[in-house]
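The values are calculated or read from the model by the stated rules, or taken from the named source; none is laboratory data. Remember, predicted model here, so these are calculated numbers, not experimental data. Neighbour counts are summed over all protein chains in view; Cβ atoms, including those assigned to glycine, are modelled from backbone coordinates with ideal geometry.
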Amino acid sequence: MIRISSRPRTDTRLLAAVAGACAAVALAACSASGGTPAAPAAPAAPAATQAAAAPAAASQPPATASPAAGGGATAASGKLPDYQPSTVVSKSASSTVLTSPDPVDKIGAFYKNALAQGGWHVTSSSMSAYHASFTAYRSSEGASISVYSRGSGSGISISTHPM
């Protein structure tokens, strides 16, 4: 068996977070094309998948920008920030899907910096002009961030989970 992390019992939770992030990416891509997502046959991680697929409340305003350079952020203390400028596609306690007019590399650099400044330990990362992805943990929580190209602009999926 190949271990993803040296921390015990994180493999299942890490895979659940990745599954949730993939579902959020699929939902955002489908929403962007005007299609309707198909119902999942058997979700591997029901809580993460349901949280990622939950639509945002119509009355929920988008997060506001702060004066931070390279994209502002708003976040509760200890949480990963929402990149700015962005629009909320869906948001729950453990998952956020956003869209932004900014390119993938700018958003990827923002989250790379946010993870470093937030005390996260990055277990995997990948960046190119078309995607950026990070898997990280700190104390008793884990996170997955995916940034992907959407033609004009980018999509962002952030999933967190307890460890």
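Table for the structure above
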item: Test: Thr123 is closer than 18 Å to Ser146 by Cα, crowded, with 21+ Cβ neighbours inside 10 Å, modelled with pLDDT of 50 or more and among the β-branched types (Val, Ile, Thr); result: no
item: Residues satisfying the stated conditions in the stretch 126-163, i.e. hydroxyl-bearing (Ser, Thr, Tyr), buried (at least 16 other Cβ atoms within 10 Å of the Cβ) and over 23 Å from Val89 (Cα atoms); result: Tyr137
item: Enumeration of residues in the stretch 107-163 that are of a type in the set (D, E, K, R) and free of Cβ contacts under 8 Å to residues at least 40 places away in the same chain; result: Lys112, Arg138, Glu141
item: Any hit, the stretch 45-65, residues being outside any loop (DSSP other than H, G, I, E, B), of a type in the set (A, V, I, L, M) and at pLDDT 95 or above; result: no
item: Residue selected from the stretch 111-120 under the condition of a type outside the set (S, T, N, Q) and more than 14 Å from the chain's Cα centre (by Cα), by the criterion surrounded by the fewest Cβ atoms within 10 Å (Cβ to Cβ); result: Gly119
item: Hits in the stretch 106-125 - residues which are under 21 Å from Val88 (Cβ atoms) and among the charged types (D, E, K, R); result: Lys106
item: Lone qualifier among Ser95, Ser100 - being modelled with pLDDT of 95 or more, of a type in the set (S, T, N, Q), buried (at least 17 other Cβ atoms within 10 Å of the Cβ) and within 11 Å of the chain's Cα centre (by Cα); result: Ser95
